Each structure stands twice: as C-alpha cells, then as structure tokens.
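What follows is one structure encoded as structure tokens, with my remarks underneath.
The values are calculated or read from the model by the stated rules, or taken from the named source; none is laboratory data. Fair warning: this is a prediction, and the values are worked out from it, not measured in the lab. Don't worry about glycine lacking a Cβ; one is built from the backbone with ideal geometry, like all the others, and counts go over all protein chains shown.
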Amino acid sequence: MLEDDLKRYGIKTPPCHVLCETKTGHAPRFVARHTHRHPLPARSLIVLNKDTLVVTPELLFLELAASREIDDIELLRIGFELCGTYVLDVSEDSWDGYTGTDAPITSAKKISAFLERCSGMNGSKRAQRLARLIADGSHSPMETVAALLVSLPHCMGGWNLGRVKMNQRIMTADGPKWVDIFFYKERVGLEYKGRRAHSIERTARDDRRQNRLTGTGITVLNIWYEDLAQEHLCEKLMLNIAHSLGKRMRLRSATYEARRRVLYATLMPSIQRYEQLGG
C-alpha cells in the first residue's frame, strides 16, 4: 500500500505532500497535493527509486515559502535545519527531539542559486528574502534559536548584531576548535551551554576549551538555557553581546519592542521543548 511505502521512505506523520500535474481525481486522506504553474528548473528532483522522485532541499524551501501556513520565523528555522547538521525527530523514541547528521544536505548559497532560476514562481520572492538570513552549519535547534535572536534584523524583532558563522573552525595551540556562533570581523564567539547543572568533568572540559579559544584573541561569551528561557535575562545577554561587539543599542521604539516580543514568543516553544528533551 502507498501508506506503507511512505513509512519506509521515512514519512512518519501525515499528510504526505505530493507534487502533481493536476489536482483532478481522488487523493487518499493522508496525501496533500500540490501543483506548479511554471516548469521546474533542472535538477529540482531526486530519484529515490524507479517509482519515486523527491524534491531537492532547495525546491522544498521554495515550496514552503509559497505556503501561507508557515510564517517567516518557522521558515528560517527550517532553512537553518536544511543547512545544518541536525534533523528534527518527532518519533517517540527520540530522547532530545533531533538527530545529528554528518553533513548538511544543502547550503544557503545553493538555496539562493536555485531560487535565482525560479523567478516568477509562487513564493520565490519571499524565499529569496529569507534565504539571505540563513547561516550554514548549525548543530542543534537551540543554536539556531540563539543565532536568530542575535542576527535577525530589527524589522523582524531580532537584535541585528551582525552576520554570524555557525560552528566556525578556529586554530589554537592544541589544534582546531569550533565556536558555536561566531562574529568573524569582531572575533567574538558565543557558546551554548544548556542548563547550568553540568558534571564537573564536562565543566572542566568546556573551560579548558574556552581558554584555548581565548588564547587566540577571541572573546567568548557563554549562553545558558536560562539566558534564553527568561526574557529579562535574554535582554541582558544581548546587551552584553552588543557591548563585546562594540555596538551601542539605540533602537528603543515601541514598534521594535513589540516586534522583539513577538519574535521571542514565537521562539519560546522551541526553547522549552528542546531543553526539556535534553538539547
């Protein structure tokens, strides 16, 4: 049966979204059909087997951008996931809500290049606008949340502290180390630590790693779960980051404050979910 085949392909929750030439005829209850008025660009589909094609990550991003059911922040989170090294896992046996991967399946550059060939297609302008805000290389949903807070423009409620690089490789005296979120020009790094309660061994290991990074001239700031989960602590954290970057936060309009609270409220469910699950 089709439903069994879809489960074997890794589709765990309905509906299954299917690209069709037309929407005529009957479709199973677990299938949502989609059509395109414009021809798809070359290399938009991946051959799974002789009977099945799947859309590329780049076309998926465009398809989601065309949907009215997904807001900009959710689409950006998906973009970070596509360009990162984790996959959200909604199965009951997932202890932290996501699974790490060896390599990303696409990049912000590849998405943007694909979208340049999709002019006039539904969702293309929105997708192009948001693709510019994606950073490659996030290792977890919480890193993505932190990156969105610090880097999104004021018009989206972010702190607009600058472009970031995720899990940037830094050479130290003891070899290469990686910084979770890195402001390259200012040489300021952010490290997500999770909750404050860690083992002595892990704390010591993290401190030694941070010392090695600091020895290269990098300023390293720690982000704890509480800094993201409590709005007043989050604001203090962002001001500390801005100070380390040499930036003064002058924007205090009522419009911006409202947008900032909307962004924070939008991200809060993710902050709570993935930390409770262990991420």
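For the residues Leu48, Leu64, Leu130, Leu149, the requirement of being over 25 Å from Ala265 (Cα atoms) and either exposed (fewer than 14 other Cβ atoms within 10 Å of the Cβ) or more than 11 Å from the chain's Cα centre (by Cα) (or both) singles out Leu48.
Only one of the numbered conditions (1) at pLDDT below 95; (2) out of contact with any Lys or Arg (no Cβ under 8 Å at 6 or more places or on another chain); (3) of a type outside the set (A, V, I, L, M, F, W, C) is violated by Lys165, and that is (1).
Just one residue in the set Tyr86, Tyr98 is of a type in the set (Ser, Thr, Tyr) and in contact (Cβ under 8 Å) with a residue 60 or more places away in the chain; that residue is Tyr98.
Kindly check whether there is at least one residue in segment 110-117 that is surrounded by fewer than 19 Cβ atoms within 10 Å (Cβ to Cβ), among the small types (Gly, Ala, Ser) and either under 23 Å from Ser151 (Cβ atoms) or at pLDDT 90 or above (or both). Within segment 110-117, one or more residues are surrounded by fewer than 19 Cβ atoms within 10 Å (Cβ to Cβ), among the small types (Gly, Ala, Ser) and either under 23 Å from Ser151 (Cβ atoms) or at pLDDT 90 or above (or both).
Of all residues in segment 232-246, those being surrounded by 14 or more Cβ atoms within 10 Å (Cβ to Cβ), more than 16 Å from Arg261 (Cα to Cα) and not hydroxyl-bearing (Ser, Thr, Tyr) number 3. Per the conditions (1) surrounded by fewer than 16 Cβ atoms within 10 Å (Cβ to Cβ); (2) without any contact (Cβ under 8 Å) to a residue 40 or more places away in the chain, the sole criterion not satisfied by Asp71 is (2). Residue count for segment 41-61, restricted to those that are at pLDDT 90 or above and either of a type outside the set (Val, Ile, Thr) or in a loop (DSSP other than H, G, I, E, B) (or both): 11. When the test is whether a residue is among the hydroxyl-bearing types (Ser, Thr, Tyr) and either closer than 30 Å to Gln272 by Cα or not assigned by TED's automatic domain parsing to the domain that holds Asp72 (or both), Ser107 passes it.
Ile78 falls short on exactly one of the conditions (1) at pLDDT below 95; (2) under 27 Å from Thr266 (Cα atoms); (3) surrounded by 12 or more Cβ atoms within 10 Å (Cβ to Cβ), and that condition is (1).
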